[in-house]
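In what follows, a single structure is set out as structure tokens and then discussed.
The values are calculated or read from the model by the stated rules, or taken from the named source; none is laboratory data. Everything quoted here is computed from the prediction, not taken from an experiment. Heads up: the accessible areas ignore ligands, DNA and RNA and are worked out on the full protein's heavy atoms, side chains in. Shrake-Rupley method; radii C 1.70, N 1.55, O 1.52, S 1.80 Å.
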Amino acid sequence: MSPRQRPDSRPSEVRALRWNSAGWILFGPLPPAVAALDAAAARRAWLLGLLALIALCHVLAFTRARRPVLPPRAYLTVLALVLGATSYLLGGGAAFYTVSLPQFWLLGRTPRQAITLSGAAAALTVLGGVLDQGWSPQLLTGNAAFTVVAYAAGVATGLWAHRLTARSEARQAQLAAELASSQAELAAAYQRQGAAEERERLAREIHDTLAQGFASIVVLAEAARAAAPTDPARCVEQLTSIERTARENLAEARVLVGAAPESGVAAGPPAATLRRTLDRFAQDTGLAVTAELPDIDVDLDRRTRVALLRCTQETLANVRKHAGASTVGVVLTEIPGGIELEITDDGRGFVVEEARGFGLDGMRRRLAELDGDLSVTSSLGDGTRVLVTLPAQSQDGR
């Protein structure tokens, strides 16, 4: 790994470099410096100067990991020359070479560079050890043999470590690519889920507002057409209801496209909103509606008020379209931590387990989002009871 690959911001690697430098100084230049104390004055001066030089170069090469003051190749070249020179001055430098050998692989940019520079350092170390022997050097010495063995072991170990590092980096790159792919797939899945949830929400809102309003307009228009020849006053009432419902549908459409704030739902106690809805229902259908809507002291958030109104509108629409009822009863009750809304009718009833349609499922999903509950009880010929339970505050508190 080259210095450019070692980030400055990793404290663990900074500590490792410091320990490496401390170990190298302790077991590398320090023993030759101690041995130089027994050498002649000239040799002692040269030795101490060379060791001071290489120590300074070491500091300059390792001080800044990303942009060292002394480039790695220049430092390794100086190190090889110093190893050869100290081997000449001491008559051998195999130990100093062995301790310095890892630096060639630590700072070498490629295995070839590390092999070349460490080989040059080994050759200079061996040459320096036999240079005083004249033209008939004894190459088979302990110093030469130890240096060659250390070089061979260093090459084998360095190549093995390089392959291991390359394999690890390839695996890391593969894992990073797989992680990026998984993140992209997850983001796409979240996007699809969000789109599906938004489509479901819009479908539910359209069913609970626009579709119900259009159904009411159709019923009112049929009643107005039937009353026109014999009861003009009733026809006018029906036409007025059609106009009012159409305006409300237009307002709801603007809400759905984001061009207007939430409409039809007042802040505070829900009794007033429910009374208006029941009055409209009684006026449009002619059914008898009994209501117990006390001004309960529960502060409902907007989502809870909307859910309460939509469930009421959906239930009344089902009564109008399917029940064939003559009387509808509505009771609003405060319970610990929330409210209950009970809507009953004396219509024909139905088998709940066989019921299919968007209305009941949409109410259940809407209430489930708010930690609420929907209970429907009915049987053929015995009417229907719908019980809505809602906490005072929805999950997000909006």
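Please report the accessible area of CYS311 (heavy atoms, 1.4 Å probe, ligands and nucleic acids excluded) in Å², nearest 10.
In the full protein context, CYS311 sits at about 0 Å².
Does the range 312-383 come out rounded, prolate or oblate, given a ≥ b ≥ c as the square roots of the eigenvalues of its C-alpha gyration tensor, rounded meaning a/c under 1.5 and, failing that, prolate meaning a/b above b/c?
oblate
Give the average over all directions of the projected area of the C-alpha convex hull of the range 81-199, one decimal, in nm².
Over every viewing direction, the Cα hull of the range 81-199 projects on average to 9.3 nm².
Can you pull the accessible area of ARG275 for me, 1.4 Å probe, Å² to the nearest 10?
100 Å²
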